[in-house]
1. Gaussian network model of the chain, Cα springs within a sub-10 Å range: biggest mean-square fluctuation belongs to which of 261, 152, 60?
2. Using only the alpha-carbon atoms, how far is helix 142-152 inclined from the longest principal axis of the chain? Give it as 0 to 90 degrees, nearest 10.
3. Using only the alpha carbons of the range 158-299, what is the convex hull's orientation-averaged projected area in square nanometres?
4. Can you pull the semi-axes for the chain, root of five times each eigenvalue of the Cα gyration tensor, sorted largest first, whole Å?
5. Could you please rank 278, 143, placing first whichever residue has the fewest other Cβ atoms within 10 Å of its Cβ?
6. So how do 67-77, 193-203 stack up, highest first, on mean other-Cβ count within 10 Å?
7. Give me 245, 296 ranked fewest to most by other Cβ atoms within 10 Å of their Cβ, as a rough exposure proxy.
8. When only C-alpha pairs under 8 Å and at least 6 residues apart count, what is the relative contact order of the range 50-112, in percent?
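Throughout, read-outs are computed from the coordinates displayed, never taken from laboratory work. Since we're looking at a predicted model, the values are computed, not measured. Positions of Cβ are backbone-derived with ideal geometry, glycine not excepted, and every protein chain shown enters the neighbour counts.
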């Protein structure tokens, strides 16, 4: 059994569901992975309350016409995929039906993501580009999902979803560049930078990622079938330009309550910690996340989650 510990005193992109980091590589271009986040794992029910994604990667997706809109470096191995992603947010008190001024607005979004991972095995870098199309607002059925989960678990039924951010278009483009600076059997170091532009999130991030132990080299483009267990720690920083889950959609300004731009925290720090188990066919991860507050009158949110994957 091989253990890996990842330490990063610098920063990467802050994102709710991020499957594209090299330490989360499935070691295959044919797989299915399910991710689930919930603040239940940290004994809270506030801010980022829930998120999930269904991720599918297969060479047949090379024919997806959206790939023509994604940046492709030359002389690189390519991995094509699609992801369905859903995220939901709530204020601190779920029992109140009125607007909770000074707290986070109710919001949810659902997206279909087309992604392309390219790996330059000579210069040892990974470049990920993706296009997200979807909807923020009641059409993302965040209310229905949370109500049913709370009913099934006999928790407080949320009363304020009628005050949520209203329907608007989600159109987001994202690029991520991760460069391997050093790697051996027990230690690796990567630099990382990310840019997201669009109607849901607009932000930029820069940083490093460290791993210690026996992780497979995700910059070779080769498949990995060995059994591995490792833990990781990933501090992050994100420079915020726009966040529609707080500020409302770009095109629809009829939301009953949003956070003013002057109250948005422009630097958000985040730390992810977890454990990953890989085998020839299976991927499993459990993680916990803490962040600094995202607006001046908010509090620091935290959540946890797991990822389960199957390689074909």
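1. Per the Cα network of the chain with a 10 Å cutoff, 152 tops the list.
2. On a 0 to 90 degree scale, this one is about 90.
3. Working: hull surface 43.1 nm².
Its average projected convex-hull area is 10.8 nm².
4. Semi-axes (√(5λ), whole Å): 33, 21, 19.
5. Working: 278 24, 143 18.
Sorted ascending by nearby Cβ count, the order is 143, 278.
6. On the way: 67-77: 13.2, 193-203: 19.2.
Ranking, from highest mean packing down: 193-203, 67-77.
7. Working: 245 26, 296 12.
Lowest count first: 296, 245.
8. Working: 73 pairs, mean separation 23.8, N = 63.
Across the range 50-112, relative contact order equals 38 percent.
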